[in-house]
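Reviewing the structure listed below.
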Protein chains: 2
Amino acid sequence: MMLIICGIGLKPKHITLEAVERLKECDRIFIEAYTSYFAEGSAKDLEKITGKKIFPLYREDLEGNLENFLDMAKRNKIALLILGNVFSATTHMQIYYEAKKKGIKTEILPGISILNFVGKTGLEEYKFGRIVSIPFWQQNYKPKSFYAYIKNNISSALHTLCLLDLRISKEEKRFMTINEALEILRKVDEEKILSNRLCIAMCGVSSAAEEIVAERFEDLSRKDFSKKAFPQCLIICAELNEKEKEFVGLLG
Amino acid sequence: MMLIICGIGLKPKHITLEAVERLKECDRIFIEAYTSYFAEGSAKDLEKITGKKIFPLYREDLEGNLENFLDMAKRNKIALLILGNVFSATTHMQIYYEAKKKGIKTEILPGISILNFVGKTGLEEYKFGRIVSIPFWQQNYKPKSFYAYIKNNISSALHTLCLLDLRISKEEKRFMTINEALEILRKVDEEKILSNRLCIAMCGVSSAAEEIVAERFEDLSRKDFSKKAFPQCLIICAELNEKEKEFVGLLG
């Protein structure tokens, strides 16, 4: 029948009127529960808004059983809710394109993502380069490809939005803090491009506990973000223009 | 009292539940009517949704009379609606920061923008570089700074979202078509980096008439986009990875 893939933003009230309308027509609604999380509220609030039960799906439900999931979409009108925007993760694009390949009718509804908030820092949206993700480091796996991208952004006078890793499963919920990200960045910064560099920490984006702090790399590292609200992300600034200097100076 | 700056997305039904709630509490609602436009629907639909009259503001109302506007916000709870997201234009950031400087309480509500749709092309959100704007060329003013940014993006293997200029005033409504943008690009392309390059045209983003077409630069130039839906924008692709090749191949 149909698969609606719907971005729901960072909290239940970010949902659009279009999405509410479309979800009310669905036979069954699922929510992807492993690549992101609510800044505030929960799926329960979305159940009240839509008047429908919402079933969580974890990585093993969706990636391991994609065939089953798509089979259901052949016979029913189903919705898959994605925290933030629909396309932020390759895994969600894969679901969309597999459905298309199978000839299932699909519809994409966009949602507010953390990208919609970068302007709130005072930095210009047009002066951002490639977005990077900072992954958790493990004993034998310490990826650092993001460092080359940050370097390249800086040398092109572009700011870098760093998205921080997270682990969500039925058993575990672990979010990378800004401190952990800064520590990984310190370790990869062989060329000392981050030394004394202005960085902006964003905590609890869009929640009542939202906090945006601009400081030098070293000063930010001395703060404790572990008790601050999530989602957290980090912006590494390139050279600021005059307007940006003024705007960032007005933060807080 | 308070100034709420609210992104309303590309069409009335993109408005979030949060925005509807907050707008209903306002004494007066204005809509900025000169840097963007609705993909479908109009401010009339937002009047029905919020139950309030919405007053349009043009450049001369807002930039020329910012003091008056902010004075009103000192005594009332007012909202300024922005098509798309709040921070896409420097002029809106200026209003926000001027209000903050005057000690007026401000609130920012994010909205869906054209950036939330780039993933729909099959390209990865993380592989976009700096966004550029392509301005109308005039007799004595033919800016081409965007060309250097596109070149830099390509050499960093990053795609470029090109936003197309528009002129909206009480007297005039003029939108740059994808053809006009391609013609300007052809003229600035001294190094022939665009020759034979894959480009993606997006027309009527988020409207019922939405159309996404991926073709080589020259082939796209031979199509006529003047009768297609607006907003229109153009993506200049860098090298595609395997997933992207597969996904872009499934367009249409």
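Details
- Residues that are surrounded by 15 or more Cβ atoms within 10 Å (Cβ to Cβ) and either more than 17 Å from the chain's Cα centre (by Cα) or closer than 20 Å to B:Asn116 by Cβ (or both) within region A:133-156 comprise A:Ser133, A:Trp137, A:Lys144, A:Tyr147, A:Tyr149, A:Ile150, A:Lys151, A:Asn152, A:Asn153, A:Ile154, A:Ser156, listed in sequence order.
- Verdict on A:Phe38 being within 14 Å of chain B (Cβ to nearest Cβ), among the aromatic types (Phe, Trp, Tyr) and either in contact with a Phe, Trp or Tyr (Cβ under 8 Å, 6 or more places away or on another chain) or crowded, with 20+ Cβ neighbours inside 10 Å (or both): yes
- In region A:185-201, the count of residues that are crowded, with 18+ Cβ neighbours inside 10 Å, touching a Pro at 6+ places or on another chain (Cβ under 9 Å), modelled with pLDDT of 95 or more and within 30 Å of A:Pro12 (Cβ to Cβ) is zero.
- Given (1) surrounded by fewer than 18 Cβ atoms within 10 Å (Cβ to Cβ); (2) modelled with pLDDT of 95 or more, index of the condition A:Glu246 fails: (2)
- A:Leu158 being at the interface with chain B (Cβ under 9 Å from one of its Cβ atoms) and modelled with pLDDT of 95 or more: yes
- Among the criteria (1) within 17 Å of the chain's Cα centre (by Cα); (2) of a type in the set (D, E, K, R); (3) over 19 Å from A:Met93 (Cβ atoms); (4) more than 14 Å from every other protein chain (Cβ to nearest Cβ), the one A:Asp27 does not fulfil is (1).
- Here B:Val118 meets each of (1) part of a helix (DSSP H, G or I); (2) in contact with a helix residue (DSSP H, G or I) (Cβ under 7 Å, 6 or more places away or on another chain); (3) over 13 Å from B:Leu62 (Cα atoms); (4) not assigned by TED's automatic domain parsing to the domain that holds B:Ile235 with one exception, condition (4).
- Conditions (1) within 14 Å of chain A (Cβ to nearest Cβ); (2) among the basic types (Lys, Arg); (3) more than 23 Å from the chain's Cα centre (by Cα); number of the one not met by B:Lys11: (3)
- So A:Arg22, is it charged (D, E, K, R) and modelled with pLDDT under 95: no
- Residue count for region B:73-89 satisfying the condition of being within 23 Å of A:Gly9 (Cβ to Cβ) and either among the small types (Gly, Ala, Ser) or not in a strand (DSSP E or B) (or both): 8.
- Residues of region B:136-158 that turn out to be of a type in the set (S, T, N, Q), assigned to a loop (DSSP other than H, G, I, E, B) and in contact (Cβ under 8 Å) with a residue 24 or more places away in the chain, as a count: 1
- Residue in region B:88-110 that is nearest to B:Phe247 (Cα to Cα), counting only those that are under 16 Å from the mean Cα position of the chain (by Cα) and more than 7 Å from chain A (Cβ to nearest Cβ): B:Ala89
- The lone exception for A:Arg130 - which of (1) within 19 Å of the chain's Cα centre (by Cα); (2) at positive phi; (3) assigned by TED's automatic domain parsing to the domain that holds A:Glu180 it fails: (2)
- Top-ranked residue of region B:161-174 - restricted to ones that are closer than 25 Å to B:Glu60 by Cα and surrounded by 16 or more Cβ atoms within 10 Å (Cβ to Cβ), ranked as modelled with the lowest pLDDT: B:Ile168
Here is a yes/no grid of residues against (1) aliphatic (A, V, I, L, M); (2) surrounded by fewer than 19 Cβ atoms within 10 Å (Cβ to Cβ); (3) touching a Leu at 6+ places or on another chain (Cβ under 7 Å):
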position: A:Ile5; (1), (2), (3): yes, no, yes
position: A:Ile8; (1), (2), (3): yes, no, yes
position: A:Glu21; (1), (2), (3): no, yes, no
position: A:Arg28; (1), (2), (3): no, yes, no
position: A:Tyr34; (1), (2), (3): no, no, no
position: A:Pro56; (1), (2), (3): no, yes, no
position: A:Leu66; (1), (2), (3): yes, yes, no
position: A:Ile78; (1), (2), (3): yes, no, yes
position: A:Phe87; (1), (2), (3): no, no, no
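- Residues being crowded, with 18+ Cβ neighbours inside 10 Å and either in a loop (DSSP other than H, G, I, E, B) or out of contact with any helix residue (DSSP H, G or I) (no Cβ under 6 Å at 6 or more places or on another chain) (or both) - total across region B:90-103: 4
- The condition of being in contact with a His (Cβ under 7 Å, 6 or more places away or on another chain) and at pLDDT 95 or above holds for only one of A:Thr50, A:Thr16, that being A:Thr16.
- Taken together, the residues in region B:27-72 that are of a type in the set (Asp, Glu), without any contact (Cβ under 8 Å) to a residue 12 or more places away in the chain and within 13 Å of B:Ile15 (Cα to Cα) amount to 1.
- Residues being at the interface with another protein chain (Cβ under 7 Å from one of its Cβ atoms) and polar (S, T, N, Q) - total across region A:114-149: 1
The values are calculated or read from the model by the stated rules, or taken from the named source; none is laboratory data. Model, not experiment: these values are computed from the prediction. Neighbour counts run over all protein chains shown; Cβ positions are idealised from the backbone, glycine included.
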